[in-house]
Structures are given as C-alpha cells and as structure tokens.
Amino acid sequence: MATVSTIVTTKAGTDGLRPVVSMRGIEKRFPGVHALKNVRFELMPGEVHALMGENGAGKSTLMKILSGIYPKDDGEVLVDGQPVVIESPRAAQDLGISIIHQELSLMNDLTAAQNIFIGREPRLRFGRLDEAALNRQTAEIFASMNLKLDPRAQVGGLTIAKQQMVEIAKALSFHSRVLVMDEPTAALNNAEIEELFVIIRRLKAEGVGIIYISHKMDELKRIADRVTVMRDGQYVDTVSAADTPVNQIISMMVGRALTDSAVEVPDLDQAPVALEVKGLTRGREIRNVSFSVRKGEILALPG
C-alpha cells in the first residue's frame, strides 16, 4: 500500500515517477466536427485528476479514446511510459483501465456478484457455475473497499449509490490501476457523496489513479489533486486543485475573465401572474399543492 509521502510525491510528478497514463497530441474527428485538437492529459498513480470543461468541450470523447470505445485519429497513448494501441474496452481493461459511465451498465435482475463477474464466472466440473466461489470473490472485493453489501443482493433493489459501488467493484475485479468516473455524484445525495468520497480516498491510498469528470466546483477542493481544463475540444491548462481559485478554473472553462459585478435582477413582485395553481390533488400522489409563477420568473420545484 502506498504511503502518504508517496502519494504527495506522485501527484506532484517529481522524483522521476512516471505517469501511469499519458495522452499526447490526441486528435479525433467526426463527420463535420473536429472534436479533439492536439489534446494532452496525464495521470499519476495515486492521484485524483479532475477533467473539467463545459458540455461539448471533449472530455467524454477523450475518455472514450482512453477506454477503447473510440479509436484516435492521431497522437499517442502511453501506459507506464510505453506506447499502446487501445482497440476495444477489453483491451483497455487488460491494461488496467476501466470507465464508470454516468449511465450505469448493470443488469437489475442479477445479483451484485453476477454483475461483477458476468462472462468470467468461476466454474465447477462440466461447466456448472461455482456460486460459492463467485460470492466469496465478490465479498473479498467488497471487504477491500470496506463496503458492507451482500454479494447476493439483487442489483435492481439497491440504491443508485450502492449500484455505483458495484460498478467500482466490477472495475477493481479487473485489477484496474486507472479508474475513470464520469459525473459520479450526479444522482447522489449528500450522504451518498460522502460514502463515495471515502471509497475514492481509499483507492487513491492504494495507488489507483482516478480521472474524475464533474461540473460540481465545490467537489474539486475536497477530492481532486490536479485539474485539467478543456475548451472547444482543446487542452487549456493543468493546475493544482488546492492552489487554484474556483473562479480561475471557471474562467479557463468559459474562455473569459469573470467579473464580480452582480447581474441586476428585476423586481417581480408586481409582475402579472402567468400561472396559479390552488389545492391541486390527485389521489395519494399529489395532495393540496398550491403555487404561482409570475411573468419573467423561474420557479424551482425541489424534492
């Protein structure tokens, strides 16, 4: 297990430690779209490296190249300093690279253990499934994550947070050294986010490099070591998460300096009511709901 001093050195990229992944001069074109233009990115072992950018900046395209979903048109990918060709997701997994998409790819009717080892299940004589070994191996992975979850639990009955933990366990079952997380907290509440961050810190301490894609600025200071910003399919800069103000990162993302002047908000108290609802009821689903919205107003309905 990596020590704290090793992790600090790793994320700084000093003492001759090499990146576990380097992407250099990456180009990708789709019909009518130059999606990636001379993009570079690197990840150190035991680092949480945030990849930031507005929608359409090219973050997901870059990660799909790293995970073998898309072929690159130009540039090179190095793993442990050696050039590699990643022709498929399985090739990426063989190199220790796994991606957890925002839309989870689990099968709700199967158990956690069956999802993790699907297609790789331990077998007895004559090809019979060794369910005891399947559950035991899954329990060992859960224990390494300090995750209290029954391997026999049906995935469809788990919370989104627990399903995400199953996805992480599936990635670790391939002995992944690089884990790409695409918007991992998008559907989680605050308690579930804390649970995820505990897992991320534990993986980081064990030397797993994590690429963290998110739009949530408040998470950067808490979880990321470095931040790479992309804009319009191009690399902008890589900065320290701890030493770089959030406003500076946002400016890098949007391509202009942010001002401190507040936008003038019109007084809507006297604006005419565009819609009013009183005592709305529908069976047991909706009971005595009332609200109104004025012209020019945005009404939020949280829940």
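Checking each residue of the range 132-155 against the condition of being part of a loop (DSSP other than H, G, I, E, B) and in contact with a Pro (Cβ under 8 Å, 6 or more places away or on another chain) gives no match.
Please determine whether any residue of the range 117-132 is out of contact with any His (no Cβ under 6 Å at 6 or more places or on another chain), within 25 Å of V20 (Cα to Cα) and surrounded by 13 or more Cβ atoms within 10 Å (Cβ to Cβ). Even if it seems obvious, please write down each step before you answer.
Within the range 117-132, the first condition is being out of contact with any His (no Cβ under 6 Å at 6 or more places or on another chain), and the residues that meet it are 117-132.
Now narrow it down to the ones that are within 25 Å of V20 (Cα to Cα): none.
So far as the range 117-132 goes, no, none of its residues is out of contact with any His (no Cβ under 6 Å at 6 or more places or on another chain), within 25 Å of V20 (Cα to Cα) and surrounded by 13 or more Cβ atoms within 10 Å (Cβ to Cβ).
When the range 107-119 is filtered for residues that are part of a loop (DSSP other than H, G, I, E, B) and touching a residue at least 12 places away in the same chain (Cβ under 8 Å), the ones remaining, listed by number, are M107, N108, D109, L110, F117. Taken over the range 164-183, the criterion of being touching a helix residue (DSSP H, G or I) at 6+ places or on another chain (Cβ under 6 Å) and assigned to a helix (DSSP H, G or I) is satisfied by V166, A169, K170, L172, S173. So P83 ticks every box in (1) buried (at least 22 other Cβ atoms within 10 Å of the Cβ); (2) in contact with an Asp or Glu (Cβ under 8 Å, 6 or more places away or on another chain) but one. Which box is left unticked? The number of the failed condition is (1).
Here, each number is a calculation from the coordinates, and none is a lab measurement. Owing to the predicted nature of the structure, the values given are computational and were not obtained by experimental measurement. Quick reminder, even Gly has a Cβ in these numbers, built from the backbone with ideal geometry, and neighbours come from all protein chains shown.
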